[in-house]
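Take a look at the structure set out below.
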Amino acid sequence: MNYDFQKIEAKWQKYWAENETFKASNDSDKPKFYALSMFPYPSGAGLHVGHPLGYIATDIYSRYKRHKGFNVLHPMGYDSFGLPAEQYAIQTGQHPAITTEKNINRYREQLDQLGFSFDWSREVRTSNPQYYKWTQWIFIQLFNAWYNKKSDKAENISSLISIFEKEGNVNVEATCDDDTPSFSAADWNAFSEKEKQEILLKYRLTYLADTEVNWCPALGTVLANDEIVNGVSERGGHPVIRKKMTQWSMRITAYAQRLLDGLDKIDWPQPLKDSQTNWIGRSVGASVTFNVLDAERNRSDEDVISTSLNHLDQIEVFTTRPDTIFGVSFMTLAPEHELVAKITTPEQKAEVEAYVEATAKRSERDRMADVKTISGVFTGAYAEHPFTKEPIPIWIGDYVLASYGTGAVMAVPCGDQRDYDFAKHYNIAIPNIFEGVDISQEAFADKETTVIANSDFLNGLSYKDAMKKIIVELEKIGHGEGKVNYRLRDAVFSRQRYWGEPFPVYYVDGMPQMIDLEHLPLQLPEVEKYLPTETGEPPLGNATEWAWDTDKNEVVSNDLIDHKTVFPLELNTMPGWAGSSQYFNRYMDPRNDDAIFSPEAINYWQDVDLYIGGSEHATGHLLYSRFWQKFMFDMGYVPKDEFAQKLINQGMITGTSAFVYRVAQRPDVFVSKDVFDKHEDLETFKRIQAFTGVSVANLSFDAIRVDVDFVNSSDELDVIKFRNWQPEFKHAKFIEEDGLVKVFREIEKMSKSKYNVVNPDAICEEYGADSLRLYEMFLGPLEQSKPWNTAGITGVHSFLKKLWKLYTNGSLSGVEAEPTAENLKTLHKTIKKVEEDIENFSFNTSVSTFMICVNELTSQKCTSKAVLEPLAILVSPYAPHIAEELWERLGNIGSVAEAPFPKFEEKFLVESSKEYPISFNGKMRFKLELPLDMSKDDIEAAVLAHEKTKEQLQGRDPKKVIVVPGKIVNIVG
Ligand code: ANZ
């Protein structure tokens, strides 16, 4: 009986679907287990063998937990909004919804083929209006909330309004915009409705603000930092400028500290935690304010000595080294700093303006990376040192970033390398107080030594004490205080794209208004073109039906906008991360139309127990999701403020790209690798020359990518396929070796553009899904990156055939045979190892354990049901189809998925007898198996009575018999 995997796999996939074997119930007495894989973006290319790696691991664990008696939630869905479908729409006019649907269907086919235990009844698609209704809902919740630093949590905006009404905002401690004015209760109550709304926007957790963005006029969109390379757009190479635009932002900064603290509570990989920690970038230091000296008097150098103050302007800096304040030699403002225009003297104006304009062209990322260029301009203005009252020149320089700290620094050349380089370059004087003091970089850079001399109160203090002391002194004179600063910025939430969630927002008198929940979802309008409008508005600006009628509560034609009852709707859409930031909670109750989930569902499932996905989401999806989860927790919607207890990053499966050499001067001539390898030998060289006509001096080679599908496992190229591949290769000629053309290989990321993608469909066809699943695990530890090599799959495939044979060879009739001690020992050591492996996510080692087990049972000719049945359960998380089939053939009804995991029993591993080496005068002559619990005397008697002993002694009486129970017997005679 052959192992007909195609038939078996199709049969059980159908069975699981029809019987909803993996449907999870929200109401169960069993303990819950929530296993989640990061849901995919359904791209047009389909799945390659790298994608299922994490899914297989999650699937094994889910199936294992089911055997262990858990009610397992293991859902799957699609992150289906996104750029590729939109770009395709721009090129072809095909609606992104159609492209997306098509791609999803293809993904679903591929996923089904791999035999995953997903509960498909819970599938979500982020681009589905029934789903994004709840993304819009969360947005509204965030809009209606503020962050109260006193209670250290988000609260409903109504609590803020009632404080404003009673006492204004003087006692409010909130995360809010920097430019929030202070006002009294009387002021508040006198504000117009619009003024009140404007104030509230400064507090809301999602807010509209003028934000500096990377604007690409040619593409008509804002770009993220990583979409810009060398100052131009990655796509198309168009210029990018920094521009202020009104955008929705998420006040994630309110959660900076809690996002850091929460990392201690979760079992996530350390590198991932480190990147979140760095991204949040907590710095402890002080904020120090410097008064700006009177601009009038700044004009001539003599006058600067004057201490006459321009009382209006102060420069606040953030510094991690307030103890170095006596070393301040100049100040540097970011070119975008709001004071620049105001304090610049007329003499410096032209130079400063030119500089500011030049910086606007550089992206923030470039400016950060570019530590070597020193550039800046003097503003002509001076600030006053808060202690020494010395005048300090104020410069602008693009090494100071507008978006970090306060966008201004006190520059200390003796403490900071960049400040030092800057001072040297522009010949800025270092203060007199350093005369006679060691101001070398080393002396001050070493934090543990006393930092600053020549101040009355810091002399002789250690770094730590100096830090404390200076903050006290700054507070005394009202010029500063201790401050913690975070590198984390609020997250821009608007995109000028079509294929994303529409904001549930319309505008009355320029102020945003939310659409009521009962009228959601607000569905994407139809547009004729998916590009920005001619006036530079986002694609939704092309919609003709995109106005909100507040009487009818529905979307109506733009022609009806009267700003009385019909208002314009928001034209931006939400970014890619919106739909994925709460999807794990939505899976708990995905068909609920009245709430994002029911209280019962969230109370039962609580949080994700195991989350597996790629490490590329460290500071995107995984940070935003933690932020929204904390917000949901604050508002009382979820019971846990971290959404996933344990997270594993699966390693990447890399591709083995193939390349063929081509003669650079003869693009139609390709050279086999073995020919290339010896092209410097005279004979080969002559051969190439004769073939190509290229002379010695000129000959050189290029490496040309070849689709891995055209290459066999011996690296031989199918030249016919290659010629038919692309028109430029149609007339390819080959310099062969032994009639063959060989390629060379390189390990790279698996990607369509590298032609090294291996498709799981073909593998399932040839070897079956169970082989593919086992092989992906067998490749190596889950977390490591490893190259794909299809040739290796035959090993696990023949193992499955052996497994099949073990069950079917005895035609499954002798299955009632009593298990032998050996059988049980093999089984129980396998149970022990597999259980430990799964618990430790060490799936690769289980595969080899199965191989050993099947080899042993085969040589033991095991036909016992008491052994084969539990073995089928052990195998089922890994190779579920074959396990189901064997389970059924053993006479069971129903799915093996329901069977309890076999119980490991130590007693079967304990040896009950010992094979004693029997020696005569120290020489081992034969072995004798005896029970381990035999007494010394009985052992002696048994050995002496044995035939072989008699043979050795030949009638002599032994002089002495030495017995070491459990070890040896030695007869001296
Ligand atoms: C004086 C000083 C003396 C500083 C010294 C450092 C060493 P982190 O750790 O990154 O928080 N800084 C502040 N705001 C900046 C901005 N917007 N752009 C560029 N640099 C900025 O570093 C904070 C330090 O970076 C601050 O402390 C400030 O320089 C600079 F011996 O102030 B320091």
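The values are calculated or read from the model by the stated rules, or taken from the named source; none is laboratory data. Since the structure is predicted, the reported quantities are computational estimates derived from the model, not experimental observations. Positions of Cβ are generated from backbone atoms using ideal geometry, with glycine treated the same way; all protein chains shown enter the neighbour counts. We work out accessible area using only protein heavy atoms, side chains counted, and drop any ligands, DNA or RNA first. Shrake-Rupley method; radii C 1.70, N 1.55, O 1.52, S 1.80 Å.
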Item to check | Solvent-free Debye scattering, log10 I(q)/I(0), computed from the Cα coordinates of the chain at q = 0.05, 0.07, 0.08, 0.10 Å⁻¹ | outcome: -0.47, -0.83, -1.00, -1.26
Item to check | Label-point gap, in nm, between residue 909 and residue 933 - each point 7 angstrom along Cα→Cβ | outcome: 2.1 nm
Checklist entry - If the cut-off is 28 Å between C-alpha atoms, which lysines fall inside it for residue 673, apart from same-chain ones fewer than 8 positions away? => result 686, 721, 730, 733, 742, 749, 752, 754, 786
Checklist entry - When we measure straight from the Cα of residue 948, which lysines land under 27 angstrom away, once same-chain ones fewer than 8 places off are left out? => result 914, 923, 927, 936, 959, 960, 967
Next on the checklist: Considering all projection directions equally, how large on average is the shadow of the alpha-carbon convex hull of the stretch 585-706, in square nanometres?
Outcome noted: 13.2 nm²
Checklist outcome for this item: The percentage of the accessible area of the stretch 632-750 (probe 1.4 Å, all protein chains present) made up of carbon and sulfur atoms, to the nearest whole number, is 48 percent
Checklist outcome for this item: Restricting to Cα pairs under 8 Å and 6 or more apart, the percent relative contact order of the chain works out to 13 percent
Checklist entry - When the Kirkwood radius is taken over all Cα pairs of the stretch 767-908, what Stokes-Einstein diffusion coefficient follows at 25 °C and 0.890 mPa s, in µm²/s? => result 160 µm²/s
Item to check | Angle in degrees between helix 769-778 and the longest Cα principal axis of the chain, rounded to the nearest 10 | outcome: 70 degrees
Item to check | Residues in the stretch 505-525 reached by a label modelled at residue 535 [backbone nitrogen below 20 Å; 7 Å Cα→Cβ] | outcome: 505-513, 525
Checklist entry - Between the helical axis of 821-839 and the dominant principal axis of the chain, each derived from Cα atoms, what acute angle in degrees is found, rounded to the nearest 10? => result 0 degrees
Checklist entry - log10 I(q)/I(0), Debye, Cα-only the stretch 453-547, no solvent, q = 0.11, 0.16, 0.26 Å⁻¹? => result -0.57, -0.80, -1.34
Checklist outcome for this item: If unit charges are put on Cβ atoms (+1 for Lys and Arg, -1 for Asp and Glu) and the dipole of the chain is taken about its Cα centre, the option from 47, 121, 894 lying farthest towards the positive end turns out to be 894
Item to check | Residues residue 784 and residue 528, FRET efficiency given R0 of 51 Å [Cβ-Cβ distance, rounded to 0.05] | outcome: 0.55
Checklist outcome for this item: If the label point sits 7 Å along Cα→Cβ of residue 691, residues of the stretch 699-743 with amide N under 14 Å come out as 700-702, 717, 719, 732-743
Next on the checklist: What percent of all Cα-Cα pairs in the stretch 911-972 falls into each 5 Å bin, going from 0 up to the bin containing the maximum distance?
Outcome noted: 4, 19, 35, 26, 12, 4, 1
Checklist entry - Sorted by packing (mean other beta-carbon atoms within 10 Å per residue), highest first, where do 481-491, 258-268 land? => result 481-491, 258-268
Checklist outcome for this item: Whole-Å distance linking the alpha carbon centroid of the stretch 672-728 with that of the stretch 634-649 is 56 Å
Checklist entry - What FRET efficiency comes out for the pair residue 246/residue 941, r = Cβ-Cβ distance, R0 = 60 Å, nearest 0.05? => result 0.05
Next on the checklist: For the ranges 945-953, 155-163, what's the packing order if you count other beta-carbon atoms within 10 Å of each residue, average per peptide, and put the highest first?
Outcome noted: 155-163, 945-953
Checklist entry - How would you rank 212-218, 604-610, highest first, on the average number of other Cβ atoms within 10 Å across their residues? => result 604-610, 212-218
Checklist entry - In Å, what is the Rg of the alpha-carbon atoms in the stretch 698-795, and how long is Dmax? => result 15.9, 53
Item to check | Residue-averaged [θ]222 nm for the chain, counting only DSSP H segments that reach four residues, each worth -39500 (n - 2.57) | outcome: -10000 deg cm²/dmol
Checklist entry - In the chain, what percentage of the DSSP-assigned beta bridges are antiparallel, given to the nearest 5? => result 80 percent
Next on the checklist: Let me check I've understood the local charge: for residue 633, count other residues with C-beta under 9 angstrom from its C-beta, Lys and Arg +1, Asp and Glu -1. What total comes out?
Outcome noted: 0
Item to check | Residues of type lysines that residue 468 reaches as a straight line, Cα spacing below 22 Å, ignoring anything fewer than 8 places off in the same chain | outcome: 389, 447, 476, 483
Checklist outcome for this item: From the Cα centre of the stretch 751-800 to that of the stretch 471-507, the distance in Å is 46 Å
Checklist entry - What is the distance in Å between the Cα centres of the stretch 114-175 and the stretch 382-401? => result 42 Å
Checklist outcome for this item: Per the rule of 0.36 nm per residue minus the C-alpha distance, extending residue 158 to residue 665 adds in nm 175.0 nm
Checklist entry - In the stretch 577-654, which GluC sites (Glu not before Pro) are in a loop and have at most 11 other Cβ atoms within 10 Å, using DSSP for the loop call? => result none
Checklist outcome for this item: P(r) over all Cα-Cα pairs of the stretch 653-749, 5 Å bins from 0 to the longest distance, whole percent per bin, short to long, reads 3, 13, 26, 25, 17, 11, 4, 1, 0
Checklist entry - Can you give the Kirkwood hydrodynamic radius for the stretch 507-608, in Å, rounded to one decimal and based on Cα pairs? => result 16.0 Å
